Amino acid sequence: MADVKITVKPNGPLRVECPEGAISLVDAEGNPYNLAGKTAFSLCRCGGSTNKPFCDGTHSKIGFQAAEAAVKKVVEEEQLPPKTTL
């Protein structure tokens with residue numbers, strides 16, 4: 001499988017990087033977007049782009065604020081109370 005990297009940009013788009021032809025992007029009706037020749041593109045997260053689903057930089061004009069940090073998986077043992085021995 002080809003390497004696909006999606007980076008959440010701070011208060012900005014989702015940046016998609018992949019070898020040409022390694023990923024397809026389709027609309028809600030299943031129609032493909034033309035990604036020919038593209039090895040990277042940015043997807044809008046703010047909802048303000050006039051070129052959806054692609055980013056056009058509107059996020060910086062409207063002051064879009066987003067949560068970017070990945071949430072760490074909590075290990076089950078960390079969720080359990082300490083064991084007591086009698």
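Here, each number is a calculation from the coordinates, and none is a lab measurement. As the structure is a prediction and not an experimental result, all values here were calculated from the model. Here Cβ is always computed from backbone atoms with ideal geometry, including for glycine, and neighbour counts include all displayed protein chains.
Remarks
- When each of 5/61; 9/38; 38/72; 5/52 is checked by Cα-Cα distance, pairs over 22 Å: 5/61; 38/72
- Charge sum, other residues only, whose C-beta stays under 11 Å from residue 9's C-beta, Lys/Arg counted +1 and Asp/Glu -1: +1
- Contour minus Cα-Cα distance for residue 17 and residue 62 (0.36 nm per residue): 13.7 nm
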